[in-house]
1. Which net charge results when you count Lys and Arg as +1 and Asp and Glu as -1 among the other residues whose beta-carbon is under 11 Å from that of ASN92?
2. Dividing the convex hull volume of the Cα atoms of the range 245-293 by its residue count, what figure in Å³ per residue is obtained?
3. Taking the alpha-carbon centroid of each part, what is the distance from the range 21-78 to the range 182-225 in angstrom?
4. Could you tell me what % of all Cα pairs in the range 20-70 have separations over 15 Å?
5. Can you divide the C-alpha Rg of the range 22-173 by 2.2 N^0.38 Å and report the result to two decimal places?
6. Mind listing the phi-derived Karplus ³J(HN,Hα) values for the range 286-293, rounded to whole Hz, using 6.51, -1.76 and 1.60 with θ = phi - 60°, and x for any glycine or proline?
7. Mind listing the phi-derived Karplus ³J(HN,Hα) values for the range 189-202, rounded to whole Hz, using 6.51, -1.76 and 1.60 with θ = phi - 60°, and x for any glycine or proline?
8. Please give the contour-minus-distance gain from THR71 to TYR42: 0.36 nm per residue of separation, less the Cα-Cα distance, rounded to one decimal in nm.
Amino acid sequence: MGRVGPVAAGESSGSVVRRILLGSQLRRLRDSRGITREAAGYSIRASESKISRMELGRVSFKARDVEDLLTLYGVTDEAERDSLLGLAREANVAGWWHSYGDVLPGWFQTYIGLEGAASLIRIYEVQFIHGLLQTEAYAHAVVSRGMSGAPAAEIDRRVALRLERQKVLVSERAPSFHAVLDEAALRRPYGEREVMRAQLRHLIEMSEHPNITLQVMPFSFGGHAGESGSFTMLRFPESDLSDIVYLEQLTSALYLDKAEEVAQYERAMARLHHDSPGPEESRDLLRGLLQLS
């Protein structure tokens, strides 16, 4: 997949993942036959760039196109064809977030699907509390500041979307969630004093959930492995799908899955886990900040 760039915790959580899986399998089949993207595109009355987007899992799949490509690639076994066509059907299931399309950037829809399908989510955050751990009041303060002048209704919709995302952490198939928050994220005020106090109390409560590990990287440690800024690592139950590193930017995002790039972030995350105080010590840090606030 290289650089690219499904629903909630419900049954369609894997639609984005299935799109990526199907795309990667179609790419593998095309490569094994020595067929160019241009030739593949011609066979389905599409462009080379359309084939590229399909193989990266960026677009939905038409059953007719998949059938034609499988024929072109010499896949005649009915069981294999049925399996891949089944993937195509599942990949086209709309995720819950599509109802928020009026306030949701297209580049972020992919991330929400991947987040909902992950079995392990690891994050490092420095600017503010991660979205999955925000209270409603804190989220409202963050969105309001980031979208100064936006209509109140739009801000409320964006906050509602964030709260809907959080359900993934308490679902039946909740992922393991390991968060390292820089102390700067805890000290930077969003909203009134009581908003920050409630947010700190919420972090303490969430850190006690069995699937959640929360660590704080304190100022006192000095320089550390998170020097490049915030990032997220996603792992999936599907063995065919590699780990993905998500890097959010102001108007877009990067999704990295090249082994050498993921390995660098893996090392940085491991250092952050090792160098940050453990979960209980981190809870003590949160309690200390709560007393000071």
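1. On the way: positive: ARG18, ARG19, LYS62, ARG89; negative: GLU90.
Around ASN92, the surrounding residues sum to +3.
2. On the way: hull volume 4.8 nm³, N = 49.
Output value, Cα hull per residue: 99 Å³.
3. Answer, in whole Å: 46.
4. 34
5. Details: Rg = 19.9 Å, N = 152, 2.2 N^0.38 = 14.8 Å.
Taking N as the residue count of the range 22-173, the ratio is 1.34.
6. Taking θ as phi minus 60°, the curve returns 5, 5, x, 5, 5, 5, 7, 7 Hz for the range 286-293.
7. Result, ordered by residue: x, 10, x, 6, 3, 5, 4, 5, 5, 5, 5, 5, 4, 5 Hz.
8. 9.1 nm
The values are calculated or read from the model by the stated rules, or taken from the named source; none is laboratory data. Treat the numbers as computed from the prediction; the structure is a model and nothing was measured. Note: ideal-geometry Cβ built from the backbone for every residue, glycine included; neighbour counts use all protein chains shown. Heavy atoms of the whole protein, side chains included, go into the accessibility calculation; ligands, DNA and RNA do not. Shrake-Rupley method; radii C 1.70, N 1.55, O 1.52, S 1.80 Å.
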